[in-house]
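The values are calculated or read from the model by the stated rules, or taken from the named source; none is laboratory data. Not measured: the values here are computed from a predicted model. Here the Cβ positions follow ideal geometry from the backbone for every residue, glycine too, while neighbour counts run over all protein chains shown.
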Amino acid sequence: MRDLPLEWLRAQIRCVLQEPFLFSDTLARNIALGSPFPVSGEGRGGGLEWAAELSQLSADLDQFPHGLETVIGERGITLSGGQKQRATIARAVLTRPPVLVLDDAFSNVDTSTEEAILKGLQAAKGNQTRLVIAHRVSTIKDSELIVVLETGRAVEQGTHGQLLARRGVYARLYGHQRLEDDLLQWRNPDGGSR
Amino acid sequence: MNRRLWRLIRPHSTLLAAAVVLVLLLSLTELAGPYFTQQAIDRYIAPRRLDGYQWLAILWFLVLIVNGLARYAQLQLTNVIGQRVMFNLRDAIFAHWQRMGVAFFDRTPVGELVSLISNDVDAINQVFTGGLILGVGNVVSAVFIIVFLLLINWSLALLVVGMAVIMLVAATLITRRLRQAQRWTRSRLGSINGFIQEAVSGVTTIQLFNADRRIRDDFDVVNQEYSRANLQSATLFSIFLPLMNWFGAATAGLLLWFGGGQVIHRVLTLGTLVLFIQFAERLTTPVRDLADKLAIFQTAVASAERIFTLLDRPAADADVATTSAIQPGVLRFDHVWFAYQGEDWVLRDVCFEVAPGDKVAIVGATGAGKSSLISILIRFYDIQKGSIHLAGQDIRGLDRREIRRRIGVVFQDPFIFTGTVGRNISLGEPMTPDRVEEAAAAVYADSFIRRLRGGYDYVLHERGSDISTGQKQLLSFARAFAFEPDILLVLDEATASVDPETERIIQASLLKLVAGRTSIIIAHRLSTIAHADRIIVLHKGQVVETGTHSELLARQGVYSRLYELQYKDQLGAS
């Protein structure tokens with residue numbers, strides 16, 4: 001990879017970073033960052049709408065005064081953590097890159113929205129290679145290959161089923177998250193307080 | 001508005017009056033120069049006389065000394081007044097902030113507060129040092145000069161006054177546009193700074209998305225706007241200064257033209273003509289500055305408005321009239337509902353009681369509302385529904401200071417101030433060094449403090465960056481112990497970064513601290529939970545279970561799940 005031209009390489013790999021970063025600019029220009037196509041006017045195409053749809057941002061657009069043309073950040077409206085994250089997902093998928101990297105991209109997105117986005121990504125996959133970094137097991141359990149890292153080393157590799165069968169680090173992590181989900185779902189059988 | 005500004009100034013009215021007197025004196029001595037020149041020409045130079053000429057020189061020299069002294073005193077005085085007003089204003093603002101509720105600081109950006117106490121206060125200072133008094137001086141000088149000229153030769157005086165009026169109008173017009181241009185320049189500078197800041201913090205995103213060229217294009221736009229704004233200011237400036245000079249020269253020319261004729265016809269002496277030319281020149285400065293002074297005053301009024309708006313915000317404790325002492329007694333949460341915003345309930349219908357001497361542990365998953373419980377109890381925020389009673393009194397009727405004196409809070413990531421270890425324990429309360437050391441020893445903080453160079457006199461860095469997390473926790477325990485609160489609230493967050501030995505000391509220290517004291521512990525350590533008389537389980541803002549450890553485990557509800565998730569692993573560790 002060190003022999004490839006950097007600009008070309010970066011056009012092939014699109015990343016959603018852990019900390020979503022958006023500019024104080026319109027939502028459209030933020031999503032189209034790094035896209036060779038014009039942001040507005042003739043020849044814009046439906047790419048932006050498609051990306052917003054895929055990242056589950058479309059539903060939120062109605063809340064914004066000018067839809068995709070709304071200015072965000074210091075000079076405009078403030079987005080929630082989840083909206084920011086979904087906008088950066090839209091940005092990464094817009095050019096349909098051969099490689100897509102999602103680095104803890106769903107930390108501020110609720111589980112059902114995350115599921116919808118993952119489903120959309122899967123449908124639009126084609127030959128795309130996806131690298132998903134996640135803390136939540138639910139984000140990655142359908143992956144073809146899961147690599148478990150511990151202090152910088154790959155300690156386990158395999159599919160969800162294979163790793164569970166190994167009863168190692170991954171299985172422990174999975175058990176722990178099951179417990180956590182179980183706790184959050186818990187309802188008082190009597191329905192009242194106390 | 002103006003009346004409030006005046007109220008700021010009133011305590012210094014004697015000094016202000018002195019400053020005005022000095023300005024009058026200064027204006028008078030300024031008149032002396034042209035007058036003495038006239039006398040020199042008409043009495044001595046033109047008639048070619050020398051006897052007595054030295055007296056004129058000596059007199060002029062004396063006036064110059066008075067002028068210098070008056071100018072010194074006046075500058076000194078205006079600065080003293082300005083500094084005193086600023087000092088009092090900063091004091092008032094800072095004192096007011098200390099009395100504001102926590103919610104105020106949630107909503108107000110720090111930058112805004114800093115700007116208020118520095119920039120806005122300084123703008124008001126400008127009125128004293130630059131604007132008000134010198135403005136008065138300018139007007140007085142102008143009036144003196146005009147009256148003086150009218151007395152000597154009214155026709156030439158009217159010529160000078162006419163030119164001065166035209167100049168004033170021109171200066172006001174250009175200054176107004178200049179101010180606008182300067183405001184525009186400043187706002188462009190702001191956006192260029194903002195742009196750079198954003199481009200630097202977003203540099204990974206920019207490079208990953210090959211957007212460097214696009215960002216450079218965007219930067220060109222703001223860069224160009226800034227340079228255009230600067231040029232606009234410069235253009236106005238380059239019109240303003242020559243125009244004013246031109247008016248000055250034109251007045252001198254007109255005086256020479258009309259006055260010259262009068263001199264030749266012997267209606268006017270040569271000295272008087274020189275006097276007129278010199279005075280016309282001296283009139284230029286006050287006229288030119290007057291427009292500027294007005295603008296300074298406007299800025300100050302805007303700043304004063306911002307400051308007064310802040311000072312008018314009711315302080316958090318404004319509603320409490322009585323400062324009745326709090327009796328120890330039962331603490332009762334009665335159907336408490338609380339939200340930080342609107343109907344986003346963080347606590348829902350919470351009910352429980354804590355009897356004096358009881359140790360209660362509160363447990364729950366992240367976001368269950370545990371910390372909010374503490375915030376409302378010490379009245380950082382007030383609840384929306386229900387009530388909290390302490391010994392039968394609603395805490396909303398109690399003085400916050402009294403509440404916080406009786407209810408001690410121990411944070412696990414305590415704030416450490418720059419200062420000695422001793423002062424970080426006593427927090428500046430009058431407390432003997434023995435008392436401080438006793439408290440530290442009681443919670444086993446003594447041994448680590450003694451190892452610091454200087455012991456209790458060791459000066460800690462800002463936020464305690466030079467001691468470990470565990471040591472900070474021990475310090476906060478000592479702090480709480482020294483204050484001997486009736487009720488103790490402990491946020492007991494087990495921290496990963498503490499070594500087993502320190503963890504052992506912290507656990508022992510914590511148990512010592514809560515021993516024999518009414519305590520509510522937001523617990524994360526199994527050891528603290530195990531020592532509690534009762535455990536209250538919070539789940540999504542509601543109390544779902546209460547009981548002892550074994551009772552709750554048997555219920556197979558939230559607590560048993562929490563235990564599986566968070567506490568079970570600690571069995572081996574502790």
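Here's the yes/no breakdown for (1) farther than 21 Å from B:Leu552 by Cα; (2) polar (S, T, N, Q):
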{"position": "B:Leu347", "(1), (2)": "yes, no"}
{"position": "B:Ala355", "(1), (2)": "no, no"}
{"position": "B:Val363", "(1), (2)": "no, no"}
{"position": "B:Ser375", "(1), (2)": "yes, yes"}
{"position": "B:Ile383", "(1), (2)": "yes, no"}
{"position": "B:Gly392", "(1), (2)": "yes, no"}
{"position": "B:Gly397", "(1), (2)": "yes, no"}
{"position": "B:Arg401", "(1), (2)": "yes, no"}
{"position": "B:Gly408", "(1), (2)": "yes, no"}
| remark: Residue set B:Arg405, B:Arg379; condition part of a loop (DSSP other than H, G, I, E, B), closer than 30 Å to B:His335 by Cα and within 29 Å of the chain's Cα centre (by Cα); output residue B:Arg379
| query | Does the stretch B:467-476 include one or more residues that are away from every other protein chain (no Cβ under 14 Å), buried (at least 18 other Cβ atoms within 10 Å of the Cβ) and outside any helix (DSSP H, G or I)? | reply | yes
| task | Could you list all residues from the stretch B:347-359 that are away from chain A (no Cβ under 14 Å) and either crowded, with 19+ Cβ neighbours inside 10 Å or under 16 Å from B:Leu565 (Cβ atoms) (or both)? | result | B:Val354, B:Lys359
| All but one of (1) away from chain A (no Cβ under 14 Å); (2) buried (at least 23 other Cβ atoms within 10 Å of the Cβ); (3) of a type in the set (Phe, Trp, Tyr) hold for B:Tyr559; which doesn't? | (1)
| message | So, B:Trp154, is that one within 24 Å of the chain's Cα centre (by Cα) and aromatic (Phe, Trp, Tyr) or not? | response | no
| request: Could you list all residues from the stretch B:207-244 that are within 13 Å of another protein chain (Cβ to nearest Cβ) and closer than 30 Å to B:Ala164 by Cα? | output: none
| query | Can you tell me which residue in the stretch A:14-34 is surrounded by the fewest Cβ atoms within 10 Å (Cβ to Cβ), limited to those that are more than 8 Å from chain B (Cβ to nearest Cβ) and in a strand (DSSP E or B)? | reply | A:Thr26
| query | Is at least one residue of the stretch B:320-331 surrounded by 18 or more Cβ atoms within 10 Å (Cβ to Cβ), modelled with pLDDT under 85 and not in a strand (DSSP E or B)? | reply | yes
| task | Report, by residue number, each residue of the stretch A:97-126 that is of a type in the set (A, V, I, L, M, F, W, C) and in contact (Cβ under 8 Å) with a residue 24 or more places away in the chain. | result | A:Val99, A:Leu100, A:Val101, A:Leu102, A:Ala105, A:Phe106, A:Val109, A:Ala116, A:Ile117, A:Leu118, A:Leu121, A:Ala124
| Only one of B:Arg534, B:Arg463, B:Arg450, B:Arg504 that is in contact with a strand residue (DSSP E or B) (Cβ under 8 Å, 6 or more places away or on another chain) and surrounded by fewer than 22 Cβ atoms within 10 Å (Cβ to Cβ) | B:Arg534
| request: Hey, could you check the stretch B:195-206 for residues that are within 7 Å of chain A (Cβ to nearest Cβ) and closer than 14 Å to A:Val16 by Cα and say which is surrounded by the fewest Cβ atoms within 10 Å (Cβ to Cβ)? | output: B:Thr204
| query | With respect to B:Ser550, is the statement that it is out of contact with any Gly (no Cβ under 8 Å at 6 or more places or on another chain), away from chain A (no Cβ under 14 Å), surrounded by 20 or more Cβ atoms within 10 Å (Cβ to Cβ) and not hydrophobic (A, V, I, L, M, F, W, C) true? | reply | no
| query | Of all residues in the stretch B:97-122, which are basic (Lys, Arg) and modelled with pLDDT of 80 or more? | reply | B:Arg99
| task | Taking the options B:Leu159, B:Leu189, B:Leu208, name whichever one is farther than 23 Å from B:Phe297 by Cα and touching a Cys at 6+ places or on another chain (Cβ under 8 Å). | result | B:Leu208
| Residue list for the stretch A:72-103, filter: of a type in the set (Lys, Arg) and within 10 Å of the chain's Cα centre (by Cα) | A:Arg86
| said: Based on this model, can you work out whether B:Leu28 counts as in a helix (DSSP H, G or I) and closer than 30 Å to B:Val263 by Cα? | reply: yes
| request: Mind listing whichever residues of the stretch B:405-434 are among the charged types (D, E, K, R) and surrounded by fewer than 16 Cβ atoms within 10 Å (Cβ to Cβ)? | output: B:Asp413, B:Glu429, B:Asp434
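Quick check: is even one residue across the stretch B:386-406 small (Gly, Ala, Ser) and without any contact (Cβ under 8 Å) to a residue 60 or more places away in the chain?
Within the stretch B:386-406, one or more residues are small (Gly, Ala, Ser) and without any contact (Cβ under 8 Å) to a residue 60 or more places away in the chain.
Taking the stated definitions as given, is B:Asp42 at pLDDT 85 or above, acidic (Asp, Glu) and surrounded by fewer than 16 Cβ atoms within 10 Å (Cβ to Cβ)?
Criteria not met by B:Asp42.
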| task | State all residues of the stretch A:51-89 that are modelled with pLDDT under 90, assigned to a helix (DSSP H, G or I) and hydrophobic (A, V, I, L, M, F, W, C); if no residue qualifies, say none. | result | A:Ala59, A:Leu61, A:Leu68
| task | Pick out the one residue from B:Leu452, B:Leu460, B:Leu511, B:Leu526 that is in contact with a Phe, Trp or Tyr (Cβ under 6 Å, 6 or more places away or on another chain), more than 20 Å from B:Ser371 (Cα to Cα) and free of Cβ contacts under 8 Å to residues at least 60 places away in the same chain. | result | B:Leu452
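Per-residue answers, yes or no, for (1) away from chain B (no Cβ under 14 Å); (2) touching a residue at least 24 places away in the same chain (Cβ under 8 Å):
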site	(1), (2)
A:Gln128	yes, yes
A:Asp142	yes, yes
A:Val147	yes, no
A:Leu163	yes, no
A:Arg167	yes, no
A:Tyr170	yes, yes
A:Leu179	no, no
A:Leu183	no, no
| request: Give the residue, chosen from B:Leu538, B:Leu510, B:Leu489, that is of a type in the set (A, V, I, L, M, F, W, C) and in a helix (DSSP H, G or I). | output: B:Leu510
